[in-house]
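A short write-up of the structure that comes next.
The numbers here are math on the coordinates, done by the rules we state, and not lab data. Since this is a predicted model, take the numbers as computed values, not measurements. Cβ atoms come from the backbone with ideal geometry, glycine included; neighbour counts cover every protein chain shown.
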Amino acid sequence: MDANVRSTVRWTGLASAALGVVLSPVPLADELLLAPVYGLMTLRIAKHHGLAVRRIPWSPIATTTLAGLMARAAVNVTVSYIPGVAAAANAVSAVALTRALGRYIDGVCADPGGARPLTARALFAQIRRASSSAAA
């Protein structure tokens with residue numbers, strides 16, 4: 001991941017964390033707003049790779065993003081009614097998902113012809129790794 005992509009992922013992570021905190025009182029509301037945020041991140045990463053919009057492998061990216069948002073929602077709903085904990089969980093999981101998706105999108109934009117959606121197991125492993133580094 002080059003410095004421009006890393007910066008894009010970092011700023012998207014900050015924005016997604018802020019959305020998670022602000023929207024934590026309304027369970028699952030942030031997932032609705034994170035989808036277009038990740039779409040914008042995809043456009044920025046593709047631009048860093050010199051990839052035209054029509055050449056972005058949207059289908060595998062959308063499938064992977066949806067899987068990530070659903071996994072994130074499943075985890076966050078377990079703490080959604082505990083004030084403070086919900087905000088922290090939303091922020092950390094948003095950053096973790098953003099980092100995992102950023103790495104994935106960077107890879108598929110580097111090789112759009114070979115783009116495949118991540119399996120749930122692979123995505124979970126990436127989110128878990130990203131959560132560990134986000135919490136550190």
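From 108, 95, grab the single residue that is crowded, with 22+ Cβ neighbours inside 10 Å and more than 20 Å from residue 15 (Cα to Cα).
It is 108.
Just for region 27-58: of the residues that are more than 15 Å from residue 98 (Cβ to Cβ) and without any contact (Cβ under 8 Å) to a residue 40 or more places away in the chain, which one is surrounded by the fewest Cβ atoms within 10 Å (Cβ to Cβ)?
Here the answer is 54.
Please verify whether residue 78 is closer than 18 Å to residue 30 by Cα and under 14 Å from the mean Cα position of the chain (by Cα), treating the condition exactly as stated.
no
Looking at region 22-39, can you tell me whether even one residue there is closer than 24 Å to residue 120 by Cβ and in a loop (DSSP other than H, G, I, E, B)?
yes
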